[in-house]
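Enquirer: Pasting a structure here, questions to come.
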Amino acid sequence: MNTIEEPDRISAVGLTTSTEQKQAIPQSVVDEALAAQLIQYLIAAQIISGLQPDKLADKEKELTFRYLTPRYHDVVIRRNKQPSVSGLTTFTALQREITQSVLDEIAEKTGLEFRLAESDEPADLVFGNFHSPTNSLVGFVNFKAPTSSLVNFVDSTTVPSKRDEIWVNTKLKAHRNPERFKTTLVHEIGHALGLDHSFNLEDPGTIMSYSWSSTGLQVADFLALWTLHGRDSHRQSEERIKAGEQARAQMWLRIKEDMQPKNYWKKFLLRAGNRWCAFVSVDKTHSMLRVDVFKKGAQADGYFRDKTYAEIRIRNHTGKVIFEKEIKGTGMLSSREELPFTEGYQLEIYHAEAETSLFSNPNIQGEPVPDAKTNRFIMTKTGLKRLIPAHQMTLLDRNNYAFASLSVDSVAGQLEIDISRPPANEDAQDSVYASIKVINKKGRVVFKKEIKGSDTGMLRSRILFSEGDKLEIYHAQAEERLKIFSSGVKVNFAVDVKTTTFIMTSKGLEKCLFSPQPTQGDTTDKMAQAISGFTPPPLDAVSYQQDNRLTPSKFFSALVSAGSYG
């Protein structure tokens, strides 16, 4: 594609307000004829009387615009056309900057002004991305589209309105070249402002053709826009245009300097067996994230056949899932996806064998805990940063394989449980090797899972877990194979019992002083009988980050000091 420097092109066609240039433009018979073509359907419908290049606007017309924040799996219903498109995402920071520069140029040179709509205000123009790598469609406009044109999408606008939706395809070529994105964007904005295609779709004299020989509006395009919307009536329009040209020249110089052939840096590498199965890369310069999945040779252990072996999710700044990629243990399909990934967006990676097969770039802020099956990261101004869970537990089997992990999100009030495969327990396949129980503040068991060596299923669950709720963990080899982390740091305290109970407090997860031990037989029953009818004084929960073992002698002393036993 031939590209021409924006400032040189504009000054060459003379779209400033000097007297000499004003006189030169209307004399271009070719441009006037082409401009008339672009609005021919409006003239034929007698919406306008004809080409009026000298028309002046008595008052600037204001159009509002907004950037949509749809979810990746939402669908756009194209008016009178099939098929519909999906893979919807909001504009990146770079896309918004280019969009604003295009709208500014139109505002400087026509009788239009553009304003970003308030959160609850209807908009005349809205912008969004769709993702369709195999579709030749690079962009389209849904004219006067109601909000319902987006399936399952709820706009923040509460006032019913019809607006022109401008959609751009995020397929690879378009996003690797910002100038190509601008060409598509300006073409679709031209449609939204009333311009049709030229009769000759290869005509280089207008952005409304398919010649792709220019990246912006041409003389004929502005002549047509003047007819529809008038010229700029700003008192200092000439100075305004000059300042705008300089700002756009500096912007494109910076963008071109940032346009390196390879801006993607591998952040995460996922392995299946002895081969790589996926890469997750981030292009910070252009606010993009790329997910590559490889088919050749990658195959997980036979246990994971037809099961979810890995999963990659992206959430936007509001927490909505805008992208989801599931990777099966066998039968992987090669793919490449490029998606907007700007500040505030989150990346979530699940890997059933994360402790041995998930690797990260060392320059990520906050290294992932190797035994965590689900890791989350957020894009910040300084780069990708790990969201470290308040508390995390990893359960190992006899071969030190992490068969289960638990993460406590104290902010969201949730407990995440990942059980990837049965533990190695050859001696007793049908006996309970571990169990997880959640008891709410009312004493009701809301979750219970016994884990045996003979299990064949996987489990991934997120349940509510707030202050007053309890978590009870049983592990047949807890002393050696129950690992606990607090804010990403391993907690070293001796676990000399098989069952440990924790309670969620306002300060976080804390270890209960006394946990019933099912392996102690009569001992627990006798102790329970000894304190029957006794209501012990309230005891403060102690953080499990310390050695909280309570010996029988200390427990007995506590009862005696309370005056209720002896």
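Enquirer: Working out 0.36 nm times the residue gap between Arg444 and Asn399, then minus their Cα-Cα distance, what length gain in nm do you get to one decimal? Before the final figure, lay out each step's value.
Expert: Details: separation 45, 0.36 × 45 = 16.20 nm, distance 3.43 nm.
So the chain would gain 12.8 nm between Arg444 and Asn399.
Enquirer: Hey, can you grab everything whose amide H is under 5 Å from the amide H of Ala390? Only 5+ residues off in sequence or another chain; H modelled, so Pro and N-termini drop out.
Expert: Those qualifying (amide H under 5 Å, at least 5 residues apart or on another chain) are Val408, Ser410.
Enquirer: Compare the peptides 178-186, 439-447 by average per-residue count of other Cβ atoms within 10 angstrom and give them in order, highest first. Each step should come with its number before you reach the end.
Expert: Values: 178-186: 21.6, 439-447: 12.2.
Packing order, densest peptide first, comes out as 178-186, 439-447.
Enquirer: Follow-up question, since we're still on this one. Can you tell me how much longer the chain between Glu118 and Glu479 gets when fully stretched, taken as 0.36 nm per residue apart minus their C-alpha distance, in nm with one decimal? Mind showing how you got there, number by number?
Expert: Working: separation 361, 0.36 × 361 = 129.96 nm, distance 5.76 nm.
Length gained, Glu118 through Glu479: 124.2 nm.
Enquirer: Separate question: To make sure I understand, if each residue's beta carbon is the centre and we count other beta carbons within 10 Å, what order do His234, His391 fall in, fewest to most? Don't skip to the end; give the middle numbers.
Expert: Numbers: His234 17, His391 23.
The order, fewest Cβ neighbours first, is His234, His391.
Enquirer: If you count, for each residue, the other Cβ atoms within 10 Å and average over each peptide, how do 84-90, 215-221, 376-382 line up from highest to lowest? If you can, show how the numbers build up before the last one.
Expert: Details: 84-90: 20.3, 215-221: 24.9, 376-382: 15.7.
The peptides rank, most packed first, as 215-221, 84-90, 376-382.
Enquirer: Further question on the same structure: Would you kindly calculate the mean projected area, averaged across all directions, of the convex hull enclosing the Cα atoms of region 390-514, in square nanometres?
Expert: One quarter of the hull surface, i.e. the mean projection, equals 7.4 nm².
Enquirer: Once you put a point 7 Å from the Cα of Lys61 and another 7 Å from the Cα of Leu269, both along the Cβ direction, what distance in nm separates them?
Expert: Label-label distance for Lys61 and Leu269, simple model: 5.7 nm.
Enquirer: How many nm is it between the label spots at Arg460 and His197, if each spot is 7 Å from the Cα in line with the beta carbon?
Expert: 4.4
Enquirer: On average over all directions, what projected area in square nanometres does region 59-259 have, based on the convex hull of its Cα atoms? Present the calculation step by step, with values, prior to reporting the outcome.
Expert: Working: hull surface 46.5 nm².
Mean projected area of the Cα convex hull: 11.6 nm².
Enquirer: Compute the distribution of all C-alpha to C-alpha distances in region 243-351, in bins of 10 Å from 0, and list the percent of pairs in each, rounded to whole numbers.
Expert: Bins of 10 Å from zero give 13, 37, 27, 14, 6, 3, 0 percent of pairs.
Enquirer: Follow-up question, since we're still on this one. To the nearest 0.05, what FRET efficiency results for Leu387 and Ala45 with a Förster distance of 51 Å applied to their C-beta separation?
Expert: On the way: r = 56 Å, r/R0 = 1.09.
Result of the calculation: an efficiency of 0.35.
Enquirer: Rank-order 190-203, 121-134 by packing density, defined as the average count of other C-beta atoms within 10 Å over each peptide's residues, highest first.
Expert: Details: 190-203: 17.1, 121-134: 19.2.
Ranking the peptides 190-203, 121-134 by packing returns 121-134, 190-203.
Enquirer: Estimate the FRET efficiency between Glu343 and Ser132 by the formula 1/(1 + (r/R0)^6), using the beta-carbon distance for r and 30 Å for R0, to the nearest 0.05.
Expert: Numbers: r = 26 Å, r/R0 = 0.86.
E(calc), rounded to 0.05, equals 0.70.
Enquirer: Could you tell me which of the pairs Lys295/Lys320; Lys449/Lys498; Lys182/Lys256; Lys144/Lys171; Lys266/Lys381; Lys441/Lys483 are separated by over 20 angstrom between their Cα atoms in the structure shown?
Expert: On the way: Lys295/Lys320 29 Å; Lys449/Lys498 16 Å; Lys182/Lys256 13 Å; Lys144/Lys171 26 Å; Lys266/Lys381 18 Å; Lys441/Lys483 25 Å.
In this structure, Lys295/Lys320; Lys144/Lys171; Lys441/Lys483 exceed 20 Å between Cα atoms.
FYI, it's all coordinate maths here, none of it is from the lab. Note that the structure is a prediction, hence the values are computed from the model and not measured. Please note: Cβ atoms are built from the backbone with ideal geometry, for glycine as well, and neighbour counts cover all protein chains shown.
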